[in-house]
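Peer 1: Questions regarding the structure given below will be posed in turn.
The numbers here are math on the coordinates, done by the rules we state, and not lab data. Remember, it's a predicted structure, so these values are computed and weren't measured experimentally. Don't worry about glycine lacking a Cβ; one is built from the backbone with ideal geometry, like all the others, and counts go over all protein chains shown.
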Amino acid sequence: MGTLHNLTLRTATAVGRLAELQRRADRIAIDKPASPVTRAAIQELSTALEELQVANEALQTQVEELTSLREQRAFAEHVLDEFAAAMPTAVLWTDRAGMIQAGNDAASQLLNIGRHHLQGKPLMLFVTDRQILFAALRTLAESTGAASIDVDITVRPRERRPRKMQLSGRRLERDARCVWFLHSLTSPEQLPE
């Protein structure tokens, strides 16, 4: 923003100097008319400075719009984070290879790992039925547009008993990531260690 402000100040200063130059030329022209070259140069400089002012104002408007869009995006991301954290269902976001990019608090509790430690871990680390997970990932990756898949899978949380879960995977139309919803099918006590 400082560079744009400096450009605005320099443009305003140049316009002021040009106006002073024009006044001097007009005073001198009383005694002796200005040459056509001088008049043409002053006119050309005036036109160039006006164009610079218009471009500067347009740039200022674009900067303000960009700032507003960034604020709106940050707000939307904050609302989405709050919404995901408030969801009682375990939700994980992965890339198409199954690397966890984010998860909500319910997923963190289910997998018995801190929410900030989920990022960068492979989803297969928490499942025993890896072939089923690979097939689900492949199905979502190969589909065009929005896609979904539901599979039953055994989830093995860190330092806890495995449990049967329904894994619902969704790939959105405009997002390369996959979102996974984990729904419990059995209680942890129903599966052997």
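Peer 1: Whole-Hz ³J(HN,Hα) for each residue in the range 111-122, computed from phi via Karplus 6.51 cos²θ - 1.76 cosθ + 1.60 with θ = phi - 60°, x for glycine and proline: what do you get?
Peer 2: Per residue, the Karplus-derived 3J(HN,Hα) values read 8, 6, 8, x, 4, 6, 8, 5, 4, x, 8, x Hz.
Peer 1: Sticking with this structure for a sec: Please report the net charge: other residues with Cβ closer than 13 Å to the Cβ of Leu45, K and R +1, D and E -1.
Peer 2: Surrounding charge for Leu45 is -2.
Peer 1: Also, quick follow-up: Taking the Cβ of Ala12 as the centre, find all other residues whose Cβ is under 15 Å away and add up their charges (Lys, Arg: +1; Asp, Glu: -1). Show your work: numbers first, answer last.
Peer 2: Details: positive: Arg10, Arg17; negative: Glu20, Glu50, Glu51, Glu57.
Residues close to Ala12 contribute a combined charge of -2.
Peer 1: Sticking with this structure for a sec: Which entry in (1) -0.27; (2) -0.55; (3) -0.39 matches log10 I(q)/I(0) by the Debye sum over Cα atoms at q = 0.09 Å⁻¹ derived from the coordinates of this structure?
Peer 2: (2)
Peer 1: Run lengths n ≥ 4 of DSSP H only: what is the helix-derived mean residue ellipticity at 222 nm for the chain, with -39500 (n - 2.57) per run over all residues, to the nearest 500?
Peer 2: -19000 deg cm²/dmol
Peer 1: Using amide H atoms built in the peptide plane, which far-off residues or other-chain residues are under 5 Å from Lys121 H to H?
Peer 2: Amide H to amide H, under 5 Å and 5 or more residues apart or across chains, Lys121 pairs with Ile100.
Peer 1: Of Arg96, Arg23, Arg158, which has the largest mean-square fluctuation in a 10 Å C-alpha GNM of the chain?
Peer 2: Between Arg96, Arg23, Arg158, it is Arg23 that shows the largest mean-square fluctuation.
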